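**Student:** One structure follows; several queries about it will come next.
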Amino acid sequence: MKRVAKANGIVEATLWHDMLTAAGIEASVQRMFLQGSVGEVPPHEAALEIWVQHEEQFVRARELIDDLRSAPQRHWFCSSCKEQIDGGFEQCWNCGALMPSL
Ligand SMILES: [Zn+2]
């Protein structure tokens with residue numbers, strides 16, 4: 001197990017986790033509590049961290065997350081159903097087609 005990144009909230013953590021899983025990387029979301037703060041920090045404010053199961057997949061996982069971070073607001077149009085896709089998604093939410101450049 002190796003930590004890849006710290007997410008800003010459950011939405012980002014879920015997005016990264018799903019993306020890594022789709023890329024064949026075994027990943028998990030860990031909720032980390034600062035030492036001594038258990039019971040003081042509400043669960044939803046605790047940091048969420050992405051961990052990979054296999055260390056040899058760490059570099060690849062890091063690249064994928066960096067790619068997603070560097071292009072958070074890209075837009076593209078699905079070639080199958082013509083939907084406009086916003087955000088860091090590489091798959092059409094409507095029909096499941098992959099982003100054209102992949
Ligand atoms: Zn589509």
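**Student:** With S101, S80 as the choices, which residue is at pLDDT below 90, over 18 Å from the mean Cα position of the chain (by Cα) and assigned to a loop (DSSP other than H, G, I, E, B)?
**Tutor:** S101 is the lone residue from the list that is at pLDDT below 90, over 18 Å from the mean Cα position of the chain (by Cα) and assigned to a loop (DSSP other than H, G, I, E, B).
**Student:** Name every residue in region 44-70 that is modelled with pLDDT of 85 or more, part of a helix (DSSP H, G or I) and within 11 Å of the chain's Cα centre (by Cα), in order of residue number.
**Tutor:** Result: A61, R62, L64, I65, D66.
The values are calculated or read from the model by the stated rules, or taken from the named source; none is laboratory data. All values reported here derive from a predicted model rather than from experimental measurement.
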